[in-house]
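The values are calculated or read from the model by the stated rules, or taken from the named source; none is laboratory data. Owing to the predicted nature of the structure, the values given are computational and were not obtained by experimental measurement. We place every Cβ from the backbone using ideal geometry, glycine too, and count neighbours over all the protein chains shown. Accessible surface is based on the protein model in full, side chains and every heavy atom, while ligands, DNA and RNA are left aside. Shrake-Rupley method; radii C 1.70, N 1.55, O 1.52, S 1.80 Å.
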Amino acid sequence: MNNKEEKYRLLTKQISALIEGETDAIAVMSNVSAAIHEEMGFFWTGFYRVKEGELVLGPFQGPVACMHIGYGRGVCGTAWKQQESIVVPDVEQFPGHIACSSLSRSEIVVPVFSQDGSVRAVLDIDSKELATFDNIDRQYLEEICKLISR
C-alpha cells in the first residue's frame, strides 16, 4: 500500500466518524471538503449542488470559484450528466473545460447520489499539477461520496 492509499484509508475512517449522525447536507459537505483539502493538500476541494437544473457552488476550500455550471458543461456538468466519476490528467485537453482558475491543471469530479439514484451534488477537486489523480483517488473519493449519500 502506498502513502497516498494509506492517507485515503485513514481519511475515509476520519470522515465516516466526523459525519456520523449528521443530517444537514451543508454541514456534511463543509467538513468533508475541509478534511480532504487539509489531509491531501489539493488546490481546490469542494462541492457543487444540483439545484433548479444546474450545479450551484456549495461548501469548498480554496480560492473563489465559478458559482453556476450547466448540465453537461465542463468536467462537473459532464460527470453529472454521465453519472460517473471523471479523471482529467490535463484540463487543457478536456473539451469545454470551464477554467475557474488558470492555476488548475488536473481535476477529478465524483458524483454524490441521492437515495433514489439521481445525482444531487458533485465533489470537484483541482490540482496545480498535471496528472495528479488516478484510480486510487477515484476509488477512495467514490467511497467518501457513498458515505455522504447515506
Pull up region 32-41, narrow it to residues that are more than 17 Å from SER149 (Cβ to Cβ) and more than 11 Å from the chain's Cα centre (by Cα), then point me to the one that is most open to solvent (accessible area, probe 1.4 Å).
GLU38
I'm trying to understand the selection: among the residues of region 57-75, which are more than 17 Å from LEU103 (Cβ to Cβ), in contact with a Leu (Cβ under 7 Å, 6 or more places away or on another chain) and open to solvent by less than 30 Å² (accessible area, probe 1.4 Å)?
ILE69
Looking at (1) closer than 26 Å to THR23 by Cβ; (2) open to solvent by less than 10 Å² (accessible area, probe 1.4 Å), which is the one condition that is false for GLU54?
(2)
Let me confirm something: among ASP137, ASP126, which residue is modelled with pLDDT of 95 or more, in a strand (DSSP E or B) and in contact with a strand residue (DSSP E or B) (Cβ under 9 Å, 6 or more places away or on another chain)?
ASP126
Flag if VAL112 is closer than 23 Å to ILE19 by Cα and either in contact with a Ser or Thr (Cβ under 8 Å, 6 or more places away or on another chain) or in a strand (DSSP E or B) (or both)
yes
For the structure I just gave you, tell me whether GLY46 is surrounded by fewer than 19 Cβ atoms within 10 Å (Cβ to Cβ), of a type outside the set (Asp, Glu) and modelled with pLDDT of 95 or more.
no
Name the pairs whose Cβ atoms lie under 7 Å apart, with the first residue in region 36-61 and more than 21 Å from SER114 (Cα to Cα), the second charged (D, E, K, R) and not in a loop (DSSP other than H, G, I, E, B), and 6 or more positions between them or separate chains?
GLU39/LYS7; MET40/LYS7; PHE42/ASP126; PHE43/ASP126; TRP44/ASP126
